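Following: one structure in structure tokens, then a few remarks.
The values are calculated or read from the model by the stated rules, or taken from the named source; none is laboratory data. These numbers were taken from a predicted model, which means no experiment stands behind them. Here the Cβ positions follow ideal geometry from the backbone for every residue, glycine too, while neighbour counts run over all protein chains shown.
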Amino acid sequence: MRILAIETSCDETAAAIVEDQDFKPVVLTNIVTSQLKVHAKTGGVIPNVAARMHAEALPAVLAKATKNQKLNYDAVAVTVGPGLIGCLLQGVSAAKSIALVTGKPFFAINHMEGHIYSAWLAPSKVEGLPPSEFSVINSQFSIPELPALVVIVSGGHTELVLMERHLHYKLLGATRDDAAGEAFDKVARLLDLPYPGGPEIARLAKEAREKDVVPDFKFTRPMLHDKGFDFSFSGLKTAVRTLVEKHRPLSDAMKLMIAREFENTVADVLVEKTVRAVEEFGVATVLVGGGVSANDHIRLLLTEAFAEAGNLSALLMPPKELATDNAIMIALAGYFHAQKGEYIDPAHLTAKGNLRLENRA
Ligand code: KG4
Ligand code: ZN
């Protein structure tokens, strides 16, 4: 089966065609048009600007993904939520129109489900070294053992989820305030770095490690005293703001120190809570997804934690280029909907900005 997938939940207009060959996905096309340059100027995503840009970009993105209609497909999948409603509606109405006029099977995908299934493309097993980069086209598609612990770290979500069966999700914990990616973005703004802040902070933190710039302060690791699986990152952001205000104008060395200690703090909390959840729920696999899972330091600490623990058959993370939003992941989730016969009537579907992982579209 070949699935045409469309993703427009935030600031990437994406379409892809993925073919399933004996449960090994082969990516035939993968088009992502990013709005980042525009949003970098305003320091963040302005929803109606983003929605308008999706509307303008979608026809060309779809034409490229289908190679100007030369590439056939058997089904259509689209991100239905969560996300910015005006943005979601663009992709959903395009996908509905395609499904309605072609009569092809249609799947409504939760964006977070896409991030989860993107980890299925992971090349690395836990006993390996830090995940190496690899070509998406030649990826190995290994279906991991369930139950799995899912770690979602994106710009809008930070969640630990227990997945006992495909397409069944039990929320174990979530952030009580800012998401991890949001914290990266807000701290970047405090350091006068452009949007999106995650890669910028990661770059400075890396430079600090390379130059051996060691922070002479320490941030509290939030929520580690709490035995549950919730997170909180807004206090950490406030701690950064207080430090920044005290040291204005910031020296380059101070920026390096803040980036390094902030990244260390987020990584420590994510890894510690993940390790605790693995121990408590005895899962076979950990799946990590979302834009923040592109972070090298977090990937390294997770890999080291489970390499040492030796109690896990697999730690699966998407290749870095598929950690942030794309349509391949929506097609991958679509396969599991197809397997379970979870087709949906396009005529009755609408976008849902606050869709939760546990609820069906
Ligand atoms: O999953 P995603 O592309 O969009 C949402 O669904 O939210 O995630 C975007 C988030 C942004 O907050 C961005 O700053 C963060 O992922 N991000 C990173 C890195 N690359 C992207 N955060 C930390 N380190 C990175 N290398
Ligand atoms: Zn996302």
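Quick grid of which residues meet (1) of a type outside the set (Gly, Ala, Ser); (2) more than 16 Å from ligand 1 (Cβ to nearest atom):
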residue: 228; (1), (2): no, yes
residue: 246; (1), (2): yes, yes
residue: 271; (1), (2): yes, no
residue: 277; (1), (2): no, yes
residue: 321; (1), (2): yes, no
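Does residue 32 fit the bill of being farther than 26 Å from residue 157 by Cα and touching a strand residue (DSSP E or B) at 6+ places or on another chain (Cβ under 8 Å)? Write out each step before concluding.
Details: farther than 26 Å from residue 157 by Cα: no; touching a strand residue (DSSP E or B) at 6+ places or on another chain (Cβ under 8 Å): yes.
So residue 32 does not fit the description; no.
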| query | Hey, any hits in the stretch 161-182 for a residue that's part of a loop (DSSP other than H, G, I, E, B), within 19 Å of the chain's Cα centre (by Cα), modelled with pLDDT of 95 or more and more than 16 Å from ligand 2 (Cβ to nearest atom)? | reply | yes
| When you scan the stretch 280-304, how many residues do you find that are among the small types (Gly, Ala, Ser), away from ligand 1 (no atom under 12 Å from the Cβ) and assigned to a helix (DSSP H, G or I)? | 0
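One line per residue, one yes/no per condition, for (1) basic (Lys, Arg); (2) not in a loop (DSSP other than H, G, I, E, B):
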{"site": "10", "(1), (2)": "no, no"}
{"site": "15", "(1), (2)": "no, yes"}
{"site": "26", "(1), (2)": "no, yes"}
{"site": "64", "(1), (2)": "yes, yes"}
{"site": "80", "(1), (2)": "no, yes"}
{"site": "100", "(1), (2)": "no, yes"}
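Say we look at the stretch 151-186 and pick out the residues that are among the aliphatic types (A, V, I, L, M) and near ligand 1 (Cβ under 10 Å from one of its atoms); which of these is farthest from residue 111 (Cα to Cα)? Step through it out loud before you land on a result.
We begin by selecting, within the stretch 151-186, every residue among the aliphatic types (A, V, I, L, M); these are 151-153, 160-163, 167, 171-172, 174, 179-180, 183.
This time we only want the ones that are near ligand 1 (Cβ under 10 Å from one of its atoms), so: 152-153, 179-180, 183.
Details: 152: 11, 153: 12, 179: 15, 180: 17, 183: 20 Å.
My answer is 183.
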| query | Could we say that residue 242 is within 25 Å of the chain's Cα centre (by Cα), free of Cβ contacts under 8 Å to residues at least 40 places away in the same chain and not in a loop (DSSP other than H, G, I, E, B) here? | reply | no
| Can you tell me which residues in the stretch 102-119 are within 16 Å of ligand 2 (Cβ to nearest atom) and assigned to a helix (DSSP H, G or I)? | 111, 112, 113, 114, 115, 116, 117, 118, 119
| Among the residues listed as 55, 75, 51, 60, the single one being within 28 Å of residue 358 (Cβ to Cβ), surrounded by fewer than 22 Cβ atoms within 10 Å (Cβ to Cβ), among the aliphatic types (A, V, I, L, M) and without any contact (Cβ under 8 Å) to a residue 60 or more places away in the chain | 51
